[in-house]
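The values are calculated or read from the model by the stated rules, or taken from the named source; none is laboratory data. The structure displayed is predicted, hence computed values, not measured ones. Cβ: placed from backbone, ideal geometry, glycine included. Neighbour counts: every protein chain shown.
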């Protein structure tokens with residue numbers, strides 16, 4: 001540790017380069033502090049478009065932008081590709097995966113959420129998550145391989161299983177991926193000779209009584225209607241009780257039911273990454289059921305004004321007493337709140353954080369969405385363009401890149417997508433689905 | 001097996017959807033035969049641009065196009081994603097990886113080449129090949145991870161090792177990748193704070209006495225000059241005798257020398273895929289040292305007029321007695337020669353194949369190339385545009401897609417490539433390079 005002499009610039013360590021961490025680093029780019037941004041990846045993931053990568057409409061690089069160029073030209077920010085494994089709050093150090101230690105005067109914990117199976121960790125093996133770029137690429141391979149397997153088999157039951165896709169979780173991600181898969185399956189129908197992808201079934205399971213429950217009932221209804229028109233089978237009140245490589249067992253109104261399907265997408269839950277446990281241990285902070293750290297209204301930890309926790313790992317109630325949602329806008333606003341104070345020479349913010357609600361949005365299929373902004377409810381095409389604008393304006397990377405993706409995305413939405421359709425199935429046969437019946 | 005009744009259409013099985021296999025399938029699309037095209041992947045790989053994926057200038061999907069759309073609208077072609085494991089020449093069947101058997105009346109073997117380590121298979125572990133899309137993506141991850149590792153370490157020797165890239169093999173692929181890496185390293189220099197990627201060394205090893213020996217001596221000299229101007233260190237007459245994860249031992253003029261480097265690219269040799277051994281066993285055909293099958297001048301196997309072997313797995317002398325090179329144009333012309341005869345109702349071609357030499361080309365860095373077309377020698381920018389035109393005109397996929405890639409590629413060549421530079425390093429830290437020294 002270096003002595004806290006006035007000549008030495010304050011050291012800020014930011015853990016995680018998601019929406020929150022990157023926003024904090026950018027806000028501190030020219031401040032009189034020495035910043036180290038640590039992330040396991042050297043790219044920032046634009047998660048709202050991840051479902052598009054999963055369905056093959058976008059390339060992985062379209063929704064991941066490199067961290068370094070986003071911070072280029074800033075002499076006070078160092079980016080390290082490394083994993084933070086522990087926090088030593090007493091000595092004010094974070095510990096990296098190879099044992100290195102980084103000193104900090106201020107620490108911003110913004111390491112985000114990961115997929116949670118609610119205690120059924122064995123389901124990780126048999127389902128596809130949708131939280132990381134690897135998840136999306138992996139799913140895409142399995143998705144297209146399913147059509148190949150359906151083409152290869154002559155057994156009608158097996159073919160039906162390959163052409164059945166179950167999406168677990170009726171939140172925005174589940175809705176978006178279900179709509180996209182239904183449309184994609186229809187789009188590639190002409191490419192196969194022996195099977196018919198347009199007969200693929202996409203089943204969306206929601207354990208609650210309505211989809212996208214963060215929205216109003218009216219919009220939930222709109223979403224269900226739009227999904228139905230895309231051919232998605234929506235099962236509300238359906239809780240998955242068992243998942244294996246051949247399908248899902250659900251409980252609906254007390255009765256058990258089996259859905260045979262070779263591909264199951266898990267979009268039902270997230271929890272904070274395990275590092276939050278280490279932070280809690282080191283600081284005495286409490287975590288909630290989802291692993292998130294309970295923080296002060298100013299975003300710092302009780303007794304540790306130099307540790308700020310933001311984004312999906314922070315548990316904080318909003319104005320109405322409800323926890324703030326796991327949205328990029330929340331993380332970004334929190335980052336700015338903390339970074340502003342740190343830039344002013346404080347260890348962290350000391351005034352309460354106030355969330356300015358920019359609303360919530362979800363895309364349903366191509367060119368349709370629902371959104372709710374400050375009491376205003378939109379659906380269909382107007383909502384979609386609002387979604388487009390908000391995502392690309394508020395959340396994107398450099399301007400040029402943003403425009404690229406916009407064009408590509410609109411093309412994917414409205415245009416022909418032939419070339420994008422199957423090309424992404426880059427998997428070898430060996431890694432593809434289990435044996436099918438003999439072909440003749 | 002079905003009886004050979006006139007009412008039954010002749011069955012053609014094509015193994016491999018590379019340049020040769022795909023060209024054969026397309027030529028037979030509307031012929032009075034029943035075609036099954038089998039490939040381990042469901043995409044066709046545009047190998048000449050693979051080095052661009054490796055360096056991060058193109059996305060994997062830019063140089064892979066889906067097979068099915070390329071054959072769309074043809075009622076007589078079935079595409080199967082499967083691996084052919086054996087050929088039963090007696091019963092005229094190919095055997096797939098799950099034991100299924102496909103009957104054929106005509107068989108076209110076009111399964112291509114894979115990386116060869118000339119008996120040093122242990123080098124596969126410590127080098128990166130450049131033959132498949134996985135190879136390219138894997139290398140790209142290692143390439144960018146090397147800069148991250150250099151940024152993370154404080155040990156100058158280790159940093160230099162991470163910033164040294166050795167390319168083994170001075171053929172067109174080795175030359176292309178070496179030039180591209182040197183330029184890419186220079187391009188990302190501004191993104192790092194503690195290390196300087198512009199000081200990266202790219203060393204190209206060639207065991208022979210000159211680079212790209214398929215070209216004239218004059219063009220070999222031009223290539224060496226152009227590479228030198230890009231900052232590539234060319235070592236001619238340097239044979240790799242030992243490769244491990246820390247570097248390469250070479251033998252130059254009888255003396256042994258060690259080059260410390262954490263990243264080694266193997267571009268030194270290919271051999272036919274192992275299926276050729278099965279074909280040789282089944283038919284009594286001979287294979288050459290590189291595993292290629294020796295064929296009749298009409299491209300069929302001795303004693304098996306119904307089996308045609310084309311492309312990189314075929315060993316056939318050209319007009320001058322020299323073996324035909326492993327080029328896409330050779331495979332495509334052979335495919336057309338065989339398919340024409342098959343479309344006419346014959347089991348395979350019975351007239352000798354004549355190769356129409358369209359020349360050879362290699363890119364050196366950005367906007368520069370060498371090419372040799374029917375005695376005409378070009379270099380520098382004119383050669384580059386010839387290369388561009390030839391590749392995109394003769395070898396590309398659908399027209400729209402071709403234009404897309406052209407634009408993107410020219411952009412990558414001449415323009416700024418900031419966003420493409422690091423984004424492709426999608427690897428997790430855990431899969432990244434071995435431990436570096438502590439940071440603090």
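General remarks:
- Consider the stretch B:379-389 and keep the residues that are in a helix (DSSP H, G or I) and crowded, with 19+ Cβ neighbours inside 10 Å. The one that is modelled with the highest pLDDT is B:383.
- A residue that is surrounded by fewer than 24 Cβ atoms within 10 Å (Cβ to Cβ), over 17 Å from the mean Cα position of the chain (by Cα) and either within 13 Å of chain A (Cβ to nearest Cβ) or free of Cβ contacts under 8 Å to residues at least 40 places away in the same chain (or both) occurs nowhere in the stretch B:17-26.
- Of all residues in the stretch B:145-164, those that are within 10 Å of another protein chain (Cβ to nearest Cβ) and farther than 19 Å from residue A:101 by Cα total 2.
- Being loosely packed, with under 14 Cβ neighbours inside 10 Å, assigned to a strand (DSSP E or B) and at negative phi is true of residue A:257.
- On inspection, residue A:7 does not qualify as modelled with pLDDT of 95 or more, more than 14 Å from chain B (Cβ to nearest Cβ) and farther than 22 Å from residue B:153 by Cβ.
- Restricting attention to the stretch B:4-16, the residues that are in a loop (DSSP other than H, G, I, E, B) and touching a residue at least 12 places away in the same chain (Cβ under 8 Å) total 3.
- Taken as a whole, the condition of being modelled with pLDDT of 95 or more, closer than 27 Å to residue A:40 by Cα and in a helix (DSSP H, G or I) applies to residue A:335.
- Test: residue in the stretch B:31-52 that is in the same structural domain as residue B:284 (by TED's automatic domain parsing), part of a loop (DSSP other than H, G, I, E, B), more than 22 Å from residue B:312 (Cα to Cα) and touching a helix residue (DSSP H, G or I) at 6+ places or on another chain (Cβ under 9 Å): yes
- Of the residues screened, residue B:367 is one that is modelled with pLDDT of 75 or more and in the same structural domain as residue B:229 (by TED's automatic domain parsing).
- Search result, residues across the stretch A:188-209 that are more than 14 Å from chain B (Cβ to nearest Cβ) and in a loop (DSSP other than H, G, I, E, B): A:200, A:207, A:208, A:209
- Selection count where residues are under 14 Å from residue A:338 (Cα atoms) and either part of a helix (DSSP H, G or I) or touching a strand residue (DSSP E or B) at 6+ places or on another chain (Cβ under 8 Å) (or both), scope the stretch A:300-322: 9
- Among the residues making up the stretch B:70-85, those that are facing chain A (nearest Cβ under 7 Å) and either crowded, with 22+ Cβ neighbours inside 10 Å or within 21 Å of residue A:154 (Cβ to Cβ) (or both) are B:78, B:80, B:81, B:82, B:83.
- Residue match in the stretch B:218-233 (condition: in contact with a strand residue (DSSP E or B) (Cβ under 6 Å, 6 or more places away or on another chain), part of a strand (DSSP E or B) and within 20 Å of residue B:124 (Cα to Cα)): no
- Residue that is nearest to residue B:14 (Cα to Cα) [pool: residues in the stretch B:268-291 that are modelled with pLDDT of 95 or more and in a loop (DSSP other than H, G, I, E, B)]: B:285
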